[in-house]
Structures are given as C-alpha cells and as structure tokens.
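The values are calculated or read from the model by the stated rules, or taken from the named source; none is laboratory data. Quantities reported herein were computed from a predicted structural model and do not represent experimental measurements. With ideal geometry, Cβ positions are generated from the backbone for all residues, glycine too; neighbour counts draw on all protein chains shown. Side chains included, ligands, DNA and RNA excluded: accessible areas come from the protein's heavy atoms. Shrake-Rupley method; radii C 1.70, N 1.55, O 1.52, S 1.80 Å.
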Amino acid sequence: LMSLPKLVFPGGALVGDDAGFLNAARIKGSHAAIKTGMLAAEAAFDAVQAVRTSDELTAYPEAFKQSWLYTELYKARNFKHWMSKGLYLGTLMVGLEQKLMGGNVPWTLHHQ
Ligand SMILES: Cc1cc2nc3c(=O)[nH]c(=O)nc-3n(C[C@H](O)[C@H](O)[C@H](O)COP(=O)(O)OP(=O)(O)OC[C@H]3O[C@@H](n4cnc5c(N)ncnc54)[C@H](O)[C@@H]3O)c2cc1C
C-alpha cells in the first residue's frame, strides 16, 4: 500500500499486479486484481456514459480507498518494511502484527 503509484492517467488506469496490489504478506493478489479491475471498469463505464473521453478516472482510486481491499492492504502495510530489516526481526514483527494483532497496529513504517 505504501508504494502504490498514481493509479490513473488520461486514457488509462493501473490495476492488479501492474499497480502493485499484491498482498505480499499472504502472497495473494488474484482477488486484488479482480477487485481493482472491477472498480476501474465501473469508473470507465460511468465516464463513457457521461461522454468523457480524455480525462482521468479519478472515481477509481477514490472507490479503492473506500473498498475492503484498501482495508486489507492497510493492515499489511508494514510487511515489506519489516522483512527488509532481516529475516528474524521481520518474522517476529510480522508475526506480532499479523497473527497477534490482526493487522490492527497504530504505527506505519515509511521508506524513501
Ligand atoms: C508463485 C506465485 C504464487 C502465487 N500464489 C497466489 C495465490 O495462491 N493466491 C493469489 O490470490 N495470488 C497468488 N499469486 C499472485 C497472483 O498470481 C497475482 O497477484 C495475480 O495473478 C495478478 O493478476 P494480474 O491480472 O494483475 O496480473 P497477471 O496475472 O500477471 O496477468 C497479466 C497478464 O498480462 C500478460 N501480458 C503482459 N504483457 C503483455 C503484453 N504486452 N501484451 C499482452 N499481454 C501481456 C501476461 O502474460 C499475463 O497473462 C501468486 C503469484 C506467484 C508469482
């Protein structure tokens, strides 16, 4: 979640693994690819109906932030940062965050 790029540009959108929606903590991304494809398609459908052609599908990233997928990826947001600190510390902290606390931690690790 912390490394997602801007998802839309004039005439296009990034979905699934192209954007980086993989839940790396679970190595699962099929559901994320399907969900973001659906959200982008719904935004594109609305744009076509409104005869919009060359603007950005801003409704898609907004819909993503309201979705269960955002909640899921938010809970796993620290995974990659912890694992980059080494196998032992990473395994300990990911286990603490994901198994003991169910991803409900108050801190967010940032990277450059
Ligand atoms: C080893 C491994 C195990 C995994 N296990 C699971 C799991 O158990 N459960 C789970 O949910 N997820 C799992 N994942 C993750 C999951 O596979 C991906 O998150 C998901 O497939 C992403 O879907 P996608 O449609 O975004 O991308 P992809 O599935 O990568 O689809 C992209 C498609 O675009 C095609 N393509 C690329 N370039 C072009 C081009 N120029 N023109 C035309 N076509 C092109 C590719 O050939 C590919 O078929 C696993 C991944 C790996 C690597």
*Looking at this structure, is Val48 among the β-branched types (Val, Ile, Thr) and open to solvent by 40 Å² or more (accessible area, probe 1.4 Å)?*
yes
*Considering only the range 79-112, state which residues are assigned to a loop (DSSP other than H, G, I, E, B), over 19 Å from Gly20 (Cβ atoms) and over 18 Å from the mean Cα position of the chain (by Cα).*
Lys85, Gly86, Met101, Pro106
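Here's the yes/no breakdown for (1) among the charged types (D, E, K, R); (2) over 14 Å from Leu4 (Cβ atoms); (3) modelled with pLDDT of 95 or more; (4) surrounded by 18 or more Cβ atoms within 10 Å (Cβ to Cβ):
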residue: Thr58; (1), (2), (3), (4): no, yes, yes, no
residue: Glu62; (1), (2), (3), (4): yes, no, yes, no
residue: Leu69; (1), (2), (3), (4): no, no, yes, yes
residue: Leu73; (1), (2), (3), (4): no, no, yes, yes
residue: Gly86; (1), (2), (3), (4): no, yes, yes, no
residue: Leu92; (1), (2), (3), (4): no, yes, yes, no
residue: Gln98; (1), (2), (3), (4): no, yes, no, yes
_Taking the condition of being within 7 Å of the ligand (Cβ to nearest atom), under 14 Å from Thr71 (Cα atoms) and touching a Phe, Trp or Tyr at 6+ places or on another chain (Cβ under 7 Å), how many residues in the range 20-43 meet it?_
1
*Please go through the range 1-19 and pick out each residue that is out of contact with any Lys or Arg (no Cβ under 9 Å at 6 or more places or on another chain), more than 10 Å from the ligand (Cβ to nearest atom) and open to solvent by 20 Å² or more (accessible area, probe 1.4 Å).*
Leu4, Pro5, Lys6, Phe9, Pro10, Gly11, Ala13
